[in-house]
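The values are calculated or read from the model by the stated rules, or taken from the named source; none is laboratory data. Given the structure is predicted, the values throughout are model-derived calculations rather than measurements. Every residue, glycine among them, receives a Cβ derived from its backbone with ideal geometry; neighbour counts consider all protein chains shown. Surface areas here come from the heavy atoms of the whole protein model, side chains and all, with no ligands, DNA or RNA. Shrake-Rupley method; radii C 1.70, N 1.55, O 1.52, S 1.80 Å.
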Amino acid sequence: MTILRRIRLDLGPAFWALLALWAMALWCERISEGDQPWSVLSALRLGYWIAGSWWIVSDSIRRGYRLIPVWGLYLTLIGWLAVLVYLFRTRGWWAFLTLALYLLAFVTVGIAFMW
């Protein structure tokens with residue numbers, strides 16, 4: 001599989017939904033000057049969980065990886081650790097490229113909201 005195909009697989013609609021949620025969270029924090037109400041924080045947490053689940057399910061379908069039935073429980077209990085395990089399980093050492101790509105996207109959005 002070529003590197004461009006891998007990048008195209010990694011940048012699916014669910015990833016863009018996570019990035020949009022991140023941008024919205026930064027915007028809310030900037031507007032409220034760091035004092036966000038509990039309703040916004042709860043909505044963001046729920047949104048991250050839904051978008052993260054969508055990302056894992058859609059990515060597993062595109063890559064042909066079969067998820068175990070308790071995957072939702074893992075996401076609820078150990079969150080980002082489950083995502084890292086999934087990344088390295090499905091991509092091997094290419095997961096480092098995926099993490100670098102995602103980190104670059106999130107840092108870019110973060111820098112854009114700092115100005």
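Residues of the stretch 61-115 that are outside any helix (DSSP H, G or I) and touching a residue at least 12 places away in the same chain (Cβ under 8 Å): Tyr65 alone. In the set (1) at pLDDT 85 or above; (2) farther than 17 Å from Ile56 by Cα; (3) open to solvent by 30 Å² or more (accessible area, probe 1.4 Å), the condition left unmet by Trp115 is number (1).
On the basis of being modelled with pLDDT under 85, surrounded by 15 or more Cβ atoms within 10 Å (Cβ to Cβ) and within 16 Å of Thr90 (Cα to Cα), does Ser53 make the cut? Walk me through how you get there before you give the answer.
Working: modelled with pLDDT under 85: yes; surrounded by 15 or more Cβ atoms within 10 Å (Cβ to Cβ): yes; within 16 Å of Thr90 (Cα to Cα): yes.
When the stated conditions are applied, Ser53 passes them.
Can Ala43 be described as in a helix (DSSP H, G or I), surrounded by 13 or more Cβ atoms within 10 Å (Cβ to Cβ) and in contact (Cβ under 8 Å) with a residue 12 or more places away in the chain? When the stated conditions are applied, Ala43 does not pass them.
Scan the stretch 26-40 and tell me whether some residue there is assigned to a helix (DSSP H, G or I), open to solvent by less than 80 Å² (accessible area, probe 1.4 Å), within 23 Å of Thr98 (Cβ to Cβ) and at pLDDT 85 or above. First the steps, then the outcome.
So the first thing to find is which residues in the stretch 26-40 are assigned to a helix (DSSP H, G or I), and the list is 26-31, 38-40.
From the residues that got through so far, the ones that are open to solvent by less than 80 Å² (accessible area, probe 1.4 Å) too are 26, 28, 39-40.
Filter once more, keeping what is within 23 Å of Thr98 (Cβ to Cβ): 26.
With at pLDDT 85 or above added as a condition, the list becomes 26.
Yes: the stretch 26-40 contains one or more residues that are assigned to a helix (DSSP H, G or I), open to solvent by less than 80 Å² (accessible area, probe 1.4 Å), within 23 Å of Thr98 (Cβ to Cβ) and at pLDDT 85 or above.
Here Tyr48 meets each of (1) at pLDDT 80 or above; (2) farther than 27 Å from Met114 by Cβ; (3) open to solvent by 60 Å² or more (accessible area, probe 1.4 Å); (4) among the hydroxyl-bearing types (Ser, Thr, Tyr) with one exception, condition (2).
Can you spot a residue in the stretch 60-72 that is closer than 15 Å to Leu11 by Cβ and either in contact with a helix residue (DSSP H, G or I) (Cβ under 9 Å, 6 or more places away or on another chain) or among the acidic types (Asp, Glu) (or both)?
Checked against the condition, which is being closer than 15 Å to Leu11 by Cβ and either in contact with a helix residue (DSSP H, G or I) (Cβ under 9 Å, 6 or more places away or on another chain) or among the acidic types (Asp, Glu) (or both), the stretch 60-72 yields at least one hit.
Condition check: of a type in the set (A, V, I, L, M), out of contact with any helix residue (DSSP H, G or I) (no Cβ under 9 Å at 6 or more places or on another chain) and more than 22 Å from Ile7 (Cα to Cα). Does Ala112 satisfy that? Break it down into steps so the answer makes sense when it comes.
Details: of a type in the set (A, V, I, L, M): yes; out of contact with any helix residue (DSSP H, G or I) (no Cβ under 9 Å at 6 or more places or on another chain): no; more than 22 Å from Ile7 (Cα to Cα): yes.
Here the answer is no, as Ala112 does not meet what is asked.
With respect to Leu18, is the statement that it is assigned to a helix (DSSP H, G or I) and at pLDDT 80 or above true?
Working: assigned to a helix (DSSP H, G or I): yes; at pLDDT 80 or above: yes.
The answer is yes for Leu18.
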